[in-house]
Amino acid sequence: MTTKIPVLPIAASAVVRALLAALSFVTHWLKALSRARRHRREAAALASLDRRMLADIGLNRADLRDAFSEPFWQDPTALLCERAGERRSNRSRLQPAHRSALPML
């Protein structure tokens, strides 16, 4: 005697979709972790620069300390880019006023 068990194709596709979603999540997380590690290495290269070289790109040692105090999964270069951009915009706003204060020759 054989027993017929109804098989629903929906259940099989739901399992496949769940497995694909889990695989996608793990892949996304591993890529993000790899990217954060790469950016930490790039930021560590900035730590080898001296004070004047850092000032040329709009950073200082405190900015590096702040960037490396972030959790390891966060991108430290995002904070460094933000700080350098802030200093660049502040410098461009101050320069015209500074030029007008110079005596005419």
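The values are calculated or read from the model by the stated rules, or taken from the named source; none is laboratory data. Keep in mind that this is a model prediction, so the values were computed, not measured. Note: ideal-geometry Cβ built from the backbone for every residue, glycine included; neighbour counts use all protein chains shown.
Take ALA32 and tell me if it is of a type outside the set (Lys, Arg), at pLDDT below 90, surrounded by fewer than 10 Cβ atoms within 10 Å (Cβ to Cβ) and assigned to a helix (DSSP H, G or I). The answer is no for ALA32. Only residues that are closer than 22 Å to SER89 by Cβ and surrounded by 12 or more Cβ atoms within 10 Å (Cβ to Cβ) were counted in the range 62-74, giving 4.
Could you tell me whether THR77 is hydroxyl-bearing (Ser, Thr, Tyr), assigned to a helix (DSSP H, G or I) and touching an Asp or Glu at 6+ places or on another chain (Cβ under 8 Å)? Yes; evaluated as a whole, the condition is true for this residue.
Residues that are surrounded by 14 or more Cβ atoms within 10 Å (Cβ to Cβ) and either out of contact with any helix residue (DSSP H, G or I) (no Cβ under 8 Å at 6 or more places or on another chain) or not in a helix (DSSP H, G or I) (or both) within the range 42-56 comprise just one, LEU49.
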